[in-house]
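Here is the structure we will look at, set down as structure tokens.
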Amino acid sequence: MCYNQPGIKRKGDLVLEKFVINGGKKLHGTLQISGAKNAAVAIIPAALLVEGVVTIENVPDVSDVRILIDIISEMGAKITRLGRNSFTIDSTEIKSCEPPYKMVSKLRASYYLLGALLGRFKHAVVALPGGCDFGNRPIDQHEKGFRSLGADVKIKKGAVYVKANEIKGAHIYFDNVSVGSTINIMIAATRAKGTTVIENAAKEPHIVDVANFLNAMGANIKGAGTDVIRIRGVDSLKGGHTYSLIPDQIETGTYMIAAAATGGDVTITGIIPKHMESLTAKLIEMNVGIEEGGDYIRVFGKGKMRGATVKTQPYPGFPTDLQPQIATLLCLADGVSTVYEKVWDTRFQYIVELNRMGAKIKADGNTAIIDGPSTLSGAPVRSNDLRAGAALVIAGLVAEGVTQIYNVRFIDRGYEDIEAKLRDLGADIQRVSYDTEE
Ligand code: EPZ
């Protein structure tokens, strides 16, 4: 059964929708976090390496995942849905190594199809990735890795062509720390002849999750989560296994910041507190209340917040995917704060929208200076990427009056049921569809 039935209205992508938030309500209660989106969008393509049936659980029901499921269905994978957050993938009979251009170009993570198809079939043609727009998003390190494994890589007509007679283990030193390149080469090298060593690897939690998934299917990967990963190639990966995804680090962080911003008291459960350390430390520094347990974090307001300096970095540094959200929180804190965006070139476009709501932020290159505290007031604003959208939702929750957030489809890429989860915590947020561009 196709996971996604054509013609059926789905949240955020076939209709124009906005969030309407009546701000000023403190968030209170308990919240369960979904599975990690960025693990899901790597593990689903990685399942193409498996000749057999795999069951994947705790998959977030977000539009990026739905698009990927549609793409691999088109390629011949059989998807059987077991529930909203779990399904089986049978990749025994893949009929095409050229996933549909239009579908693929919508999604950044589609580059993982290259690693998976190269690893199993030794060739692939995959459209250059799309995804959230925050400037130049090169794939030269992916290309370098594939070439090291013995593949010929060409970019033409908007697509990446990879082809090899044989995938051979290699020693690869990445020029910069890249999540996608690390995962892609790990996936492709799983079925290489011999051993691959990736140096200067990224260490994000979902890299470990992808390695654990592949190992559960019979791969031999060691060192994921450190900056040297060793992959001894195996002849095949076998199905018959069930794998459950880790909780979403960025979704967790987004709700932690939302709780702090509203001065509420929220316990976020089903998480791995270790993954949150850079944020937890920053919130404590800002005078936000934190209580941690084995699989939960409670975040509560303690009164005035202090400004801080935030520098985004690869894991275990402060995640770039929480940068717009923490910047929103810093607008509410006393004093001057500084945010250095060290991962992406242009990830400050949302600032103009926050300033429309009363924030005082000046951006210069990769640095933003925030003059706080500001009293935010509701306004019509537009999200231009997933995390910027989440930041505007947080701003709307705090603002006096009504905030309307357009381009909800970006937020739907990575947050399952964001409005329902927030409503359960006491927020006044509605998803409203409209017929023409407002
Ligand atoms: C992943 O993107 C995430 N996406 C991003 O999250 C996240 O912002 C990013 O990692 C950094 O944590 C997915 O996992 C699907 P990178 P990715 O390769 O893999 C440079 C979200 O909101 N670079 O780690 O594409 C690049 O320009 C999304 O969920 C090269 O120079 O990021 C950037 O400066 C948005 N050459 C840095 O490395 C390359 O070949 C990190 O990029 C690849 C990357």
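Quick note: the coordinates plus some simple rules give every number you see, no bench work behind them. These figures come from a predicted structure and were not determined experimentally. Virtual Cβ from ideal backbone geometry, glycine too; neighbours counted across all protein chains shown.
Data table
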| quantity | calculated |
| --- | --- |
| K78-N215 FRET efficiency (beta carbon distance; Förster radius 30 Å; 0.05 resolution) | 0.80 |
| Net charge, V288 excluded, C-beta distance under 15 Å - Lys, Arg +1, Asp, Glu -1 | 0 |
| log₁₀ of I(q)/I(0) at q = 0.11, 0.26, 0.28 Å⁻¹ - the range 252-322, Debye sum with one point per alpha carbon | -0.23, -1.27, -1.41 |
| Dipole magnitude of the range 84-236, debye to nearest 20 (Cβ charges: Lys/Arg +1, Asp/Glu -1, about Cα centre) | 320 |
| Share, in percent, of DSSP beta bridges within the range 146-202 that are antiparallel, nearest 5 | 55 |
| Point-charge dipole on Cβ atoms (K/R +1, D/E -1) for the range 176-249, about Cα centre, debye to 20 | 340 |
| Exposure proxy ranking, count of Cβ atoms within 10 Å, fewest first, for T403, T195, T312, T190 | T195, T312, T403, T190 |
| Isotropically averaged projected area of the range 161-303, using the convex hull of Cα atoms (one quarter of hull area), nm² | 10.7 |
| Estimated [θ] at 222 nm from DSSP helical runs (n ≥ 4, -39500 (n - 2.57)) normalised by residues in the chain, nearest 500 | -8500 deg cm²/dmol |
| Binned Cα-Cα distance frequencies in the range 44-119 - 5 Å width, integer % | 3, 17, 30, 27, 18, 5, 0 |
| Separation of the N200 and D235 label points, Cα + 7 Å toward Cβ, nm | 3.7 |
| Dimensionless Rg/Rh of the range 264-406 - Kirkwood Rh, Rg from C-alpha atoms | 0.95 |
| Residue among K421, K360, K95 with the largest mean-square fluctuation in a Gaussian network model of the chain, springs linking Cα atoms under 10 Å | K95 |
| Residues in the range 154-177 that a label on S105 would reach, taking backbone N under 16 Å of a point 7 Å out along Cα→Cβ | 155-161 |
| Net charge contributed by nearby residues that have their C-beta within less than 14 Å of T92 (K/R +1, D/E -1) | +1 |
| Residue order, fewest to most surrounding Cβ atoms within 10 angstrom, among D345, D61 | D345, D61 |
| Mean projected area in nm² (Cα convex hull; one quarter of hull surface) for the range 234-273 | 4.3 |
| Footprinting exposure proxy for I172, I369 (fewest neighbouring C-beta atoms within 10 Å first) | I369, I172 |
| Length added when fully stretched, K274-R147, from 0.36 nm per residue minus Cα-Cα | 42.2 nm |
| Contour minus Cα-Cα distance for D417 and K304 (0.36 nm per residue) | 37.6 nm |
| Considering only the chain, percent of DSSP beta bridges that pair antiparallel, nearest 5 | 70 |
| Dipole of the range 239-356, positive end: most advanced residue of I284, Y296, G264 [Cβ charges, Cα centre] | I284 |
| From the C-alpha gyration tensor of the range 335-438, square roots of 5λ in Å | 24, 16, 13 |
| Relative contact order %, the range 255-375, counting alpha carbon pairs below 8 Å whose residues are six or more apart | 21 |
| Residue with peak Gaussian network fluctuation, the chain [Cα springs, cutoff 10 Å], from A379, A281, A77 | A281 |
| Estimated FRET transfer efficiency when R0 is 41 angstrom, pair D364-K193 (beta carbons, to 0.05) | 0.25 |
| Kirkwood-based shape ratio for the chain, expressed as Rg/Rh from alpha carbons | 0.97 |
